[in-house]
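One structure is given below, encoded as structure tokens.
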Amino acid sequence: MTDAVYDLAIIGGGINGCGIARDAAGRGWSVFLCDRADLGSGTSSASTKLIHGGLRYLEHYEFRLVREALMEREVLWGIAPHIIWPLRFVLPHHKRLRPAWLLRLGLFLYDHLGGRQRLPPTRTLNLRSDPVGEILKPAFTRGFAYSDCWVEDSRLVVLNARDAADRGATIAPRTACVSAERQDGLWSLELKAITGTIKTIRARALVNAAGPWVAEVAGSVVRANVPASIRLVQGSHIVVRKLYDHDAAYIFQNADGRIFFLIPYERDFTLIGTTDQDYTGDPSAVHITAEEIDYLCRSTAEYLRQPVTADQVVWSYSGVRPLFDDGSSAPEQATRDYVLKLDAPGDAPALLSVFGGKITTYRRLAETALSMLQPHLPPAARQLPGWTGRAPLPGGDFPMQDFEALVASAATRYPSVPPATLRRLFRAYGTRAHTIISNDPGTDLMEAELRYLIDTEWARAAEDVVWRRSKLGLRLTPEEIAAIDTTMRRLIQESPTAA
């Protein structure tokens with residue numbers, strides 16, 4: 001890589017950086033992406049894992065953001081039907097908070113703003129008779145059901161990176177950019193791998209997509225005066241054993257103006273979140289606080305017949321959202337829209353900085369970013385803008401509503417693989433699961449899967465596998481996770497093609 005010249009260099013391996021890399025590589029530009037840690041190890045793996053318009057953003061009049069996000073739901077479902085699927089949300093009417101007519105109006109707009117075609121529309125629920133009302137307090141008698149989608153967020157990041165690499169991009173996780181300078185009409189980047197190796201590349205344009213570290217990269221790495229700021233907002237989630245048997249999620253209003261979700265999670269669990277509080281300090285050190293756990297548990301007490309208690313929490317995770325600082329007084333009111341700042345003085349190579357954004361709109365963000373960078377890059381060789389909404393992500397090359405048929409066909413083809421393992425593998429890898437599965441049932445986390453993750457998805461440690469590329473950590477003991485680490489070290493040494 002020493003002194004290689006790329007059309008585009010990207011700092012940051014979260015969903016925005018990987019989305020830009022995929023789009024740019026598909027258009028024929030040469031792309032280099034680096035991240036000082038694992039792909040998606042920051043904010044992009046700590047979301048509520050929803051592809052949604054953001055119903056509550058309507059109250060803040062963010063109609064453009066909501067419409068763009070609503071339009072993306074079925075687009076993303078179509079290109080990644082293995083890791084994205086529809087989810088129904090139950091919204092109980094809380095008589096002391098928003099009036100029923102306001103909820104109906106908001107849901108009417110939600111149904112019609114974004115060109116919904118396959119997702120079912122909103123309907124009114126009688127919570128006295130509908131099974132979804134069984135876990136709720138008797139005071140909640142009426143509610144609404146509407147549609148959004150679920151996403152395996154970490155896998156969405158990795159699949160965008162994988163597709164970018166398949167189209168020619170160089171993806172370098174665990175590689176920090178320690179300096180970036182404009183020299184002789186190009187960007188010169190000094191890179192330091194986790195092994196200590198120092199390399200240099202050059203690029204015609206640079207993207208700072210470092211998420212919560214975007215300001216740090218701007219100041220200490222690029223040393224650019226970018227006229228924008230971010231607001232770091234901590235969001236935390238807790239996981240408990242599943243609270244109900246049906247497959248719908250719940251969205252609840254809180255008296256403080258926030259909302260929180262109860263979502264079916266990994267078959268046997270329920271995900272509860274999120275919190276919103278300003279954050280200071282190193283984003284990599286974020287962790288859930290006792291106050292946040294208490295807040296989420298107290299919130300459930302308003303709605304559930306049997307409230308959640310802290311001793312029920314089996315796992316938690318926290319992330320820092322790098323929101324564009326729009327001057328909002330409360331963290332939950334800060335815009336989730338993205339802001340892109342281009343710095344290209346005279347003939348100097350361009351710098352594009354990414355502020356804010358949400359996982360649902362990452363693909364549109366990438367298109368906007370490249371339209372701003374296009375005048376500063378060579379003519380695109382191949383794809384036209386919008387191609388990423390038509391081409392499936394790796395493993396997603398099957399009809400968006402045919403996942404069950406895919407699994408049924410695989411069950412016939414691989415009769416010795418346990419049904420739960422088979423479903424998990426096809427949920428994670430789609431049609432590419434065929435390259436992993438053998439007729440030896442083995443264990444839930446087969447060595448063949450580890451080889452695949454090492455060779456094609458840049459996994460290097462058990463944490464990468466059991467908490468990001470899967471959530472198997474919820475079912476494994478510390479000893480089993482340590483054994484995976486040991487196995488991976490051996491496989492990495494043996495692999496001639498480790499990604």
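For the stretch 242-294, a residue qualifies if it is aliphatic (A, V, I, L, M), over 30 Å from W213 (Cα atoms) and at pLDDT below 95, and exactly one does: A255.
Taking first residues from the stretch 352-379 that are without any contact (Cβ under 8 Å) to a residue 60 or more places away in the chain and partners that are of a type outside the set (A, V, I, L, M, F, W, C), the Cβ contacts under 8 Å between residues at least 6 apart in sequence or on separate chains come to T368/Y338; S371/P385.
Could you tell me how many of the residues in the stretch 19-70 are part of a loop (DSSP other than H, G, I, E, B) and over 17 Å from the mean Cα position of the chain (by Cα)?
Here is the first cut: in the stretch 19-70, the residues part of a loop (DSSP other than H, G, I, E, B) are 27-30, 36-42, 46-49, 52-54, 61-62.
Then keep just the ones that are over 17 Å from the mean Cα position of the chain (by Cα); that gives 27-30, 36, 61-62.
Matching residues across the stretch 19-70 total 7.
Only one residue in I238, I293 is of a type in the set (V, I, T) and either open to solvent by less than 10 Å² (accessible area, probe 1.4 Å) or assigned to a loop (DSSP other than H, G, I, E, B) (or both), so which one is that? Steps first, please.
Working: I293 fails: either open to solvent by less than 10 Å² (accessible area, probe 1.4 Å) or assigned to a loop (DSSP other than H, G, I, E, B) (or both).
Every option except I238 fails the conditions.
Of all residues assigned to the stretch 429-440, none qualifies as being among the acidic types (D, E), part of a helix (DSSP H, G or I) and open to solvent by 50 Å² or more (accessible area, probe 1.4 Å).
Let's see how each residue does on (1) of a type in the set (F, W, Y); (2) modelled with pLDDT of 95 or more; (3) surrounded by fewer than 17 Cβ atoms within 10 Å (Cβ to Cβ):
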| site | (1), (2), (3) |
| --- | --- |
| L103 | no, no, no |
| L119 | no, yes, no |
| I135 | no, yes, no |
| P138 | no, yes, yes |
| G143 | no, yes, no |
| D153 | no, yes, no |
| L159 | no, yes, no |
| R174 | no, yes, no |
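In the stretch 53-70, what count of residues is obtained for those that are in contact with a His (Cβ under 9 Å, 6 or more places away or on another chain) and acidic (D, E)? Residues meeting the conditions: 0. Within the stretch 177-193, the only residue that satisfies the criterion of being under 19 Å from G14 (Cα atoms), open to solvent by 30 Å² or more (accessible area, probe 1.4 Å) and either in contact with an Asp or Glu (Cβ under 9 Å, 6 or more places away or on another chain) or aliphatic (A, V, I, L, M) (or both) is V178.
Which count do you get for residues in the stretch 194-214 that are on the phi > 0 side of the Ramachandran plot and crowded, with 17+ Cβ neighbours inside 10 Å? Lay out the reasoning, then the answer.
We begin by selecting, within the stretch 194-214, every residue on the phi > 0 side of the Ramachandran plot; these are 196, 211.
Of the ones still in play, those that are also crowded, with 17+ Cβ neighbours inside 10 Å are 211.
Total satisfying the criteria: 1.
Every condition in (1) of a type in the set (D, E); (2) at pLDDT below 95; (3) in contact with a helix residue (DSSP H, G or I) (Cβ under 9 Å, 6 or more places away or on another chain) is met by D184 except one, and the failing one is (3).
Every test in (1) surrounded by fewer than 20 Cβ atoms within 10 Å (Cβ to Cβ); (2) at pLDDT 95 or above; (3) hydroxyl-bearing (S, T, Y) is passed by S41 save one, and that test is (1).
Any chance the stretch 259-270 includes a residue that's crowded, with 16+ Cβ neighbours inside 10 Å and of a type in the set (K, R)? There is no residue in the stretch 259-270 that is crowded, with 16+ Cβ neighbours inside 10 Å and of a type in the set (K, R). Filtered by the rule that a residue be modelled with pLDDT of 95 or more, closer than 30 Å to F260 by Cβ and not aromatic (F, W, Y), the stretch 355-372 gives I359, T360, T361, R363, R364, L365, A366. Taking the stretch 135-148 as the range and being assigned to a loop (DSSP other than H, G, I, E, B) and either β-branched (V, I, T) or closer than 30 Å to G17 by Cα (or both) as the test, the residues that pass are I135, T141.
Residues are listed down the side, and each one gets a yes or a no for (1) surrounded by fewer than 21 Cβ atoms within 10 Å (Cβ to Cβ); (2) assigned to a strand (DSSP E or B):
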site	(1), (2)
W315	yes, yes
L323	no, yes
G327	yes, no
G346	yes, no
L352	no, yes
T368	yes, no
L373	no, no
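Residues that are of a type in the set (G, A, S), over 30 Å from V239 (Cβ atoms), crowded, with 18+ Cβ neighbours inside 10 Å and in contact with a helix residue (DSSP H, G or I) (Cβ under 9 Å, 6 or more places away or on another chain) do occur in the stretch 29-38.
The values are calculated or read from the model by the stated rules, or taken from the named source; none is laboratory data. All values reported here derive from a predicted model rather than from experimental measurement. Glycine gets a Cβ as well: all are built from the backbone with ideal geometry, and neighbour counts include every protein chain shown. Note: accessible area is taken over every heavy atom of the protein model, side chains too, but ligands, DNA and RNA are not part of it. Shrake-Rupley method; radii C 1.70, N 1.55, O 1.52, S 1.80 Å.
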